[in-house]
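Asker: Input: one structure, supplied below.
The values are calculated or read from the model by the stated rules, or taken from the named source; none is laboratory data. Note that the structure is predicted; figures quoted are calculated from it, not measured. Positions of Cβ are backbone-derived with ideal geometry, glycine not excepted, and every protein chain shown enters the neighbour counts.
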């Protein structure tokens, strides 16, 4: 069965610093992987996704993630944090047999301080 | 993309009562899902809403507690029945236009049971 583990429920960075949010997955089939962002009192917004092909995936707002099969990881990065990046970030894997039926990690709350 | 409207956006309900949440999409979609996000936790899939037939429930969720309707390709309802304080959560509707297309999320319904 599919599962997702996000290391670090809270991450705090300075504005302008590198953002690294960690995600490891377990899947019995080639995974479809996603990162979503949730701003306060809002729904989830898709940041980026990996299906097949290029393992480095670029998303919106300057975020990118790299699929590493050997490490079963899909970490999210951004070279320079902005105050507006403060939000909750969820890594997700598609359930077996479903592209958009998702299994979510516990989430990582990103704080950005001046 | 898809514009999803959920109603109500929030509600405070008495224990033992039921609440029906509506999810309206601005265009026809193939897939509709309902998720629950308990306080401080990640999203958990409740069920897949199937048009014209019974919903498909995930482990731990039953139809008597969470009856779901989907009369057409743009609308679904989730009812939370015989509520208890443990049902206090955000309930989110998710849709996808095709079987292999990305999922979009509504802004959620914040339910508090007192």
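Asker: Considering only residues that are free of Cβ contacts under 8 Å to residues at least 60 places away in the same chain and within 21 Å of residue A:41 (Cβ to Cβ), which ones fall in segment A:69-114?
Answerer: Restricting attention to segment A:69-114, the residues satisfying the condition of being free of Cβ contacts under 8 Å to residues at least 60 places away in the same chain are A:69-77, A:84, A:86-88, A:97-98, A:100-101.
Result: A:84, A:86, A:87, A:88.
Asker: Exactly one condition in (1) out of contact with any strand residue (DSSP E or B) (no Cβ under 6 Å at 6 or more places or on another chain); (2) surrounded by 12 or more Cβ atoms within 10 Å (Cβ to Cβ); (3) more than 21 Å from residue B:1 (Cβ to Cβ) is not met by residue A:101; state its number.
Answerer: The one condition residue A:101 does not meet is (3).
Asker: Which of the residues that make up segment B:93-107 are under 17 Å from residue A:97 (Cα atoms) and outside any strand (DSSP E or B)?
Answerer: Correct list: B:97, B:98, B:99, B:100, B:101, B:102, B:103.
Asker: Moving on. Say whether the condition of being loosely packed, with under 14 Cβ neighbours inside 10 Å, within 15 Å of residue A:68 (Cα to Cα) and modelled with pLDDT under 90 is met by at least one residue in segment A:1-14.
Answerer: No, segment A:1-14 contains no residue that is loosely packed, with under 14 Cβ neighbours inside 10 Å, within 15 Å of residue A:68 (Cα to Cα) and modelled with pLDDT under 90.
Asker: Which of the residues that make up segment B:1-18 are surrounded by 13 or more Cβ atoms within 10 Å (Cβ to Cβ), within 14 Å of another protein chain (Cβ to nearest Cβ) and assigned to a strand (DSSP E or B)?
Answerer: Passing the criteria: B:4, B:5, B:6, B:7.
Asker: Another question, if that's okay. Considering only segment B:19-70, state which residues are touching a residue at least 24 places away in the same chain (Cβ under 8 Å), more than 24 Å from residue B:102 (Cβ to Cβ) and within 14 Å of chain A (Cβ to nearest Cβ).
Answerer: Those that are touching a residue at least 24 places away in the same chain (Cβ under 8 Å), more than 24 Å from residue B:102 (Cβ to Cβ) and within 14 Å of chain A (Cβ to nearest Cβ): B:38, B:39.
Asker: Tell me, which strands (runs of 3 or more DSSP E) wholly within segment A:70-114 include 2 or more residues that are within 11 Å of chain B (Cβ to nearest Cβ)? Explain how you work it out, then say what you get.
Answerer: Values: elements: A:73-78, A:87-94, A:102-104, A:108-113.
Those strands (runs of 3 or more DSSP E) span A:87-94, A:102-104, A:108-113.
Asker: Same structure, new question: Being surrounded by fewer than 19 Cβ atoms within 10 Å (Cβ to Cβ) and under 13 Å from residue A:93 (Cα atoms) is the filter here, so list the residues in segment A:62-74 that pass it.
Answerer: If we filter segment A:62-74 for residues that are surrounded by fewer than 19 Cβ atoms within 10 Å (Cβ to Cβ), which is where we start, we get A:62, A:64, A:66, A:68-73.
Correct list: A:72, A:73.
Asker: May I pose another question? Would you point out the residue of segment A:23-32, among those that are in contact (Cβ under 8 Å) with a residue 60 or more places away in the chain and under 16 Å from residue B:42 (Cα atoms), that is surrounded by the fewest Cβ atoms within 10 Å (Cβ to Cβ)?
Answerer: Per the stated criteria, the residue is A:25.
Asker: Something else: How do the pairs read when you match residues in segment B:90-114 that are facing chain A (nearest Cβ under 7 Å) and touching a residue at least 60 places away in the same chain (Cβ under 8 Å) with residues anywhere that are surrounded by fewer than 17 Cβ atoms within 10 Å (Cβ to Cβ) and not in a loop (DSSP other than H, G, I, E, B), using Cβ under 8 Å and keeping only pairs 6 or more apart or on different chains?
Answerer: Listed pairs, sorted by first residue: B:105/A:45; B:106/B:5.
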